[in-house]
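Let me begin by presenting the structure, written as structure tokens, before commenting on it.
FYI, it's all coordinate maths here, none of it is from the lab. The structure presented is a predicted model; accordingly, all values stated were derived computationally and were not measured. Cβ coordinates were reconstructed from backbone atoms using ideal geometry, including for glycine residues, and neighbour counts include every protein chain displayed.
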Amino acid sequence: MNTSHQKICIALDVDHANQAFELIDLLKPHVGLFKVGMQLFYRYGPNLVHEMVSKGIKIFLDLKFHDIPNTVRNASIAAVRMKVAMFNVHAGGGLSMMQQAVNGANEIAQKEGLPLPQILGVTILTSLTQEMLSNELNCPGSLESRVVSLAQLSKTAGLDGVVASPLELAWIRSTCGADFTIVTPGIRPLWSVTNDQKRIMSPSAAIEKGVNFIVVGRPVIQADDPVLAVTRLFKNSL
Ligand code: C5P
């Protein structure tokens, strides 16, 4: 597998565990990581994640923890026990919440001899626009400055990186440094539809700009031929 394909994370946004395992079997030779989000997790729980991990699959657990610091700390401990490669918390939960996620994860990993996952902060969802931020959520300032300050806060809290739109990549890289992990959803090949994603970029442009992982869901998992779709991701035409 080439290095660009190792940076692909497939969002397993499906209803049934058997659909997820079918996608894993098909796509495992072509991608580096699979993402389990709320849709699958709230139906099947940690056992499903254990089963995937025991098959040697690297999992990004995308549950976007956002609660009081103590609750997020305990949720982070549970995530480490699932032996996932990566999980995330909302950076908007604040410094103390993120620090507790890091502390809880470090302590349990050390105590129980478990692998330490990367912990990422979710900045601003890629489905939100400047207009929504200003008019619906009543947040002052530009979306970009908000993303960058949430990324800085994530770094200060000791997180390994952030989830952000590919459009914000350059600002985050220049403020948070070369070894800060940047994972970007909102990835759309030029041949696919955008769905509800607003701040998007093509897979090849995101990789060229230095993203560590691109998250791709519907353009691949809803394709008639997911293997063909994944092998075409970096092609800008049909
Ligand atoms: O189907 P699509 O490629 O839009 O899937 C993107 C995936 O990334 C979804 O599972 C979504 O929950 C997730 N995600 C996102 N924006 C974030 C964080 C996660 O789209 N900021």
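From Cα pairs below 8 angstrom and at least 6 apart in sequence, can you work out the relative contact order of the range 3-231, rounded to a whole percent?
Working: 443 pairs, mean separation 43.5, N = 229.
Answer for the range 3-231 is 19 percent.
Between Arg43 and Gln222, 0.36 nm times their residue separation minus their Cα-Cα distance comes to what? Mind dumping the intermediate values first?
Values: separation 179, 0.36 × 179 = 64.44 nm, distance 1.99 nm.
Computed gain between Arg43 and Gln222 is 62.5 nm.
Work through the residues other than Leu114 whose Cβ is under 10 Å from its Cβ and net out their charges, Lys, Arg +1 and Asp, Glu -1.
On the way: positive: Arg81, Lys83, Lys111; negative: Glu112.
Net of charged neighbours comes to +2.
Using amide H atoms built 1.01 Å from N in the peptide plane, name the residues 5+ places from Lys35, or on other chains, whose amide H lies under 5 Å from its own.
The answer is Ile10, Ala11, Leu12, Phe60.
From the backbone phi of the range 176-184, what are the Karplus-calculated ³J(HN,Hα) couplings (6.51 cos²θ - 1.76 cosθ + 1.60, θ = phi - 60°) in whole Hz, Gly and Pro given as x?
Karplus values, whole Hz, x for Gly and Pro: 9, x, 6, 9, 8, 6, 10, 10, 10.
Output wanted: per-residue J couplings in Hz (rounded whole) for the range 200-207, from phi through Karplus 6.51 cos²θ - 1.76 cosθ + 1.60, θ = phi - 60°, x for Gly and Pro.
10, 7, 7, x, 5, 5, 5, 5
Under 5 Å between amide hydrogens, which residues at least 5 positions from Lys64 or on another chain qualify, with H placed 1.01 Å from N in the peptide plane?
Those qualifying (amide H under 5 Å, at least 5 residues apart or on another chain) are Asn88.
Any idea what log10 I(q)/I(0) is at q = 0.08, 0.14, 0.15, 0.16 Å⁻¹ for the chain, Debye with uniform C-alpha scatterers and no solvent?
Taking Cα atoms of the chain as identical point scatterers yields -0.28, -0.90, -1.04, -1.18.
For Cys139, Cys9, what ranking results if the residue with the fewest other Cβ atoms within 10 Å of its Cβ goes first?
Working: Cys139 16, Cys9 27.
Going from sparsest to densest Cβ surroundings: Cys139, Cys9.
Whole angstrom only: what separates the Cα centroid of the range 85-115 from the Cα centroid of the range 25-58?
Their Cα centres are 20 Å away from one another.
Where Lys and Arg each count +1 and Asp and Glu each count -1, what net charge lies around Met1 among other residues with Cβ under 15 Å from its Cβ? Please list the in-between numbers first.
Details: positive: Lys7, Lys28, Lys58; negative: none.
Here the count lands on +3.
Using a Förster distance of 35 angstrom, determine the FRET efficiency expected from the C-beta separation of Glu51 and Thr3, and round it to 0.05.
Working: r = 28 Å, r/R0 = 0.80.
My answer for the efficiency is 0.80.
Taking θ as phi - 60°, what are the ³J(HN,Hα) couplings along the range 141-148 by the Karplus curve (6.51, -1.76, 1.60), each to the nearest whole Hz, with x for Gly and Pro?
Coupling constants for the range 141-148: x, 7, 4, 4, 5, 5, 4, 5 Hz.
Counting other beta carbons within 10 Å of each residue's own, what order do Met52, Met1 fall into, fewest first?
Numbers: Met52 23, Met1 11.
Ordered from fewest to most neighbouring Cβ atoms within 10 Å, Met52, Met1 come out as Met1, Met52.
Can you give the helix-only mean residue ellipticity at 222 nm for the chain, where every DSSP H stretch with n ≥ 4 adds -39500 (n - 2.57) and the sum goes over all residues, rounded to the nearest 500 deg cm²/dmol?
Values: 11 runs with 101 residues, N = 238.
So the calculated ellipticity at 222 nm is -12000 deg cm²/dmol.
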